[in-house]
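Since every read-out is calculated from the coordinates, none of them should be taken as a lab result. Given the structure is predicted, the values throughout are model-derived calculations rather than measurements. Note: ideal-geometry Cβ built from the backbone for every residue, glycine included; neighbour counts use all protein chains shown.
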Amino acid sequence: MFRVPFLVAVALTIAFGVGILITKSAISRSSGFSALEIGVWQAYPKAQTSEADPYARNHRAKASGLLLGSAEGLVFYADKDDAGNALTGGCTYRVSGKVPQARFWTIAIADASNQPLSARPGLPSALNAQSVLYDNDGTLTVSVSQNPQPGNWLAVPPIGHYRLAFTLFDTPVAGSSGLIDQSMPTITREGCGDA
């Protein structure tokens, strides 16, 4: 007598549970569909505007960070190097190349949820346009490593994976219609461990 209602209740519980888990996974893994990709760097220019899709709006609500309007700036994230390998704390990387046109920019180490990371007090975990040394040709070279490096250096804590956050303030990149050739610095792995 209670067998059929019990089986229906079990089936509905499983269906709702699986549906909720799949939806939660899809929402948490996406920052939106309008990604702007330049090399390994990704940004979501519409994520902070009224034109954002539902996934981008959810990501924006959960992030609870400083939101930049499209005219104010754009944040690019890189989770891997140019060879496609994930950025890890045990390796040394070289970030080099031209910085897109911007009034001001910063580059920092962040975790998977975009929260800033710091190796140890007193070590540089972020650099900006006014605190770096530029090469003679106007390009930028930054070493990202646990161990101190000459020149521009970002200290990485001894963790697994991390990401780089490159924030451009007052930049035309967000509104670029593709008429301007945009480029971001490359990320090259120079070695891991003691190598």
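Taking the Kirkwood radius as the inverse of the mean 1/r across Cα pairs, report the Rg/Rh of region 75-195.
Across region 75-195, the Cα-based Rg/Rh ratio is 0.95.
With +1 on each Lys and Arg Cβ and -1 on each Asp and Glu Cβ, how big is the dipole of region 81-188 about its Cα centre, in debye rounded to the nearest 20?
For region 81-188, the charge dipole is close to 240 debye.
Please work out the Cα convex hull volume for region 70-128 and give it in Å³ per residue.
Looking at region 70-128, the number lands at 130 Å³ per residue.
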